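Report on the structure given below.
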Amino acid sequence: MKSYKDWKKKKGKKQEKQPDPPKVRNDRFGGLVPQDMKKAKHVDLITLPPDIKGTNCGNCKFMENNFCVHKEIQMPVNARMCCKYWDNEEVERPWGEMDD
Ligand code: SF4
């Protein structure tokens, strides 16, 4: 049988292995300050002006649970944001499909 000391020691180790949740904060228009500015610049990740509605992360096929799963982005996002990779299953492209 393990002692309380051993149990406590093991429990403490488990807690140390858990990574910190990503720290996100909002910018002045309600978007999220990107965690990786270099990547954000490359993909033109923006926060829309307050009165603009239309294409945004909230209606993009790459947003899942407030996280962008696009291979070039992989960051928390929200519906106040958008980037050059915005896409939706129902988009009409007269020339065909986009390359991945
Ligand atoms: S691909 Fe761009 S527009 Fe779509 S969820 Fe990701 S960051 Fe937003």
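Taking θ as phi - 60° and the Karplus parameters 6.51, -1.76 and 1.60, the scalar couplings of segment 84-92 work out to 5, 9, 3, 7, 8, 4, 9, 5, 9 Hz in sequence order, x denoting glycine and proline.
Each of R28, R80 was scored by other Cβ atoms within 10 Å of its Cβ. Arranged with the fewest first, they read R28, R80. Using a simple spin-label model with pseudo-atoms 7 Å out from Cα toward Cβ, A79 and V91 lie 2.0 nm apart. For segment 30-85, a/c is not less than 1.5, where a ≥ b ≥ c are the root eigenvalues of the C-alpha gyration tensor, and a/b does not top b/c. That puts it in the oblate class. Cβ-to-Cβ counts within 10 Å put E72, E92 in ascending order as E92, E72, the fewest first.
Between the helical axis of 4-17 and the dominant principal axis of the chain, each derived from Cα atoms, what acute angle in degrees is found, rounded to the nearest 10? Helix 4-17 sits at roughly 20 degrees to that axis.
A short reminder: the numbers here are calculations on the coordinates, not readings from a lab. Here the structure is a predicted model, which is why all the values come from computation and not from measurement. Methodologically, a virtual Cβ is constructed for each residue, glycine included, from the backbone with ideal geometry; neighbour enumeration extends over all protein chains shown.
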